[in-house]
Amino acid sequence: MSTPQYVLKVSYGNDSIALIQWAHESGLDGVVCLYNDTGWARQDWMERVGMGEQLAQRYGFETARTTSIGLANLVRKKSGWPRSGMQFCTEHLKILPTIAWLDERDPERRSINMIGVRREESEKRATFPAEIEDDPASGGRLTRCPLVHMKEAERNALVARAGFDVLPHRSKECSPCINANKTDIRHLKEPDIAKVEAIERELGNTSLGKPRVMFRPAKHMSALGIRDIVRWAKSPPGKYAKEQGVFELEESHSGSGCDSGLCGG
Ligand code: SF4
């Protein structure tokens, strides 16, 4: 297999589809679209991945996927859930498998890596660089972010030209993501709630007797465990707090977001 000139890191959300369309319209050659299978996607997400791969292949791009231990086994191995600030999921499910793939296909580190980050997306991404030389997340290769200044309307136009509808949510490559906000949690489907519940039960408590739950109670009105977290997310503002007898302001958690630029797009 030839060395790729460009490696597009994609999760097949809106920004990924826009990035593929941008690469096509820019006439790029030697493109590989690389997806990290985290083993934690929403049930129907692999269908979306297949559609995104078909689009890329229609444009003459190669598509590839990495595999890994998967989020569930990673959590078991670490005896705990990743947290913002202790975000080992991105490292183990995405960065390390990507570097292993790159080292095999591009041992001389000539490829240019691309991600679909846009500064408009969040405060954390507001100063995201357009280019990262010797990017550690690409194993020391160059990473470019060609959509970094792009506004939503322009992004949506690219998605439309690719023949896709704009999704009303971020990529569901991990469902739920550890950075899920109230809206994300409100829309969780039963299989994803059940898979979190099973692992929370399996992990039990820490040596200090604290339950090893995915979402921190302190940040979610003391909601403890995924079923409670979903109840919190579905409750009208203030309601959950009253039911629980917790007299603090309803937390306006909007998800702390990822700053790696590798998740959600
Ligand atoms: S999408 Fe969320 S859960 Fe998945 S690797 Fe990224 S931060 Fe972790």
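The values are calculated or read from the model by the stated rules, or taken from the named source; none is laboratory data. Everything numeric here is computed off the predicted structure, so don't read it as measured data. For neighbour counting, all protein chains shown are included, and Cβ atoms are generated from backbone atoms with ideal geometry for every residue, glycine included. For the accessible areas, the whole protein counts, side chains as well, though only heavy atoms, and no ligand, DNA or RNA atoms are used. Shrake-Rupley method; radii C 1.70, N 1.55, O 1.52, S 1.80 Å.
Solvent-accessible area per residue in the chain equals 49 Å², computed with a 1.4 angstrom probe and all protein chains kept. Positive end of the dipole of the chain (Cβ unit charges, origin at the Cα centre): among Ala72, Met221, Leu28, the Cα lying farthest that way belongs to Met221. Taking the protein heavy atoms of the chain in the context of the full set of protein chains, the accessible area attributed to carbon and sulfur is 50 percent at 1.4 Å.
Over the chain, the pair-distance histogram of Cα-Cα distances with 10 Å bins from zero comes to 7, 29, 34, 21, 9, 2, 0 percent, rounded to whole numbers. Amide H contacts of Arg141 (H built 1.01 Å from N, in plane; Pro and chain starts excluded): Asp135 sit under 5 Å, all sequence-distant by 5 or more or on other chains. Shown in residue order for the range 168-173 are the 3J(HN,Hα) couplings computed by the Karplus curve 6.51 cos²θ - 1.76 cosθ + 1.60 at θ = phi - 60°: x, 8, 6, 3, 10, 4 Hz (x for Gly and Pro).
The lysine pair tally for the range 1-139, using Cα distances under 22 Å and a gap of 8 or more places or different chains, is 5.
Summary value for the chain: 23 percent relative contact order, contacts being C-alpha pairs under 8 angstrom separated by 6+ residues. Normalised by the number of residues in the range 101-226, the mean separation of alpha-carbon contacts (under 8 Å, six or more apart) gives a relative contact order of 15 percent. Using C-alpha pairs under 8 Å with a sequence gap of at least 6, the mean separation divided by the residue count of the range 38-124 gives a relative contact order of 28 percent.
At full extension, Met1 and Ala157 could sit 52.8 nm farther apart than now, given 0.36 nm per residue minus the alpha carbon distance. Taking the centroid of alpha carbons for each part, the range 170-211 and the range 131-145 are 31 Å apart. What shape does the range 1-106 take by its C-alpha gyration tensor, where a ≥ b ≥ c are the square roots of the eigenvalues and a/c under 1.5 counts as rounded, a/b above b/c as prolate, and the rest as oblate? Taking the square roots of the gyration eigenvalues as a ≥ b ≥ c, the range 1-106 is prolate.
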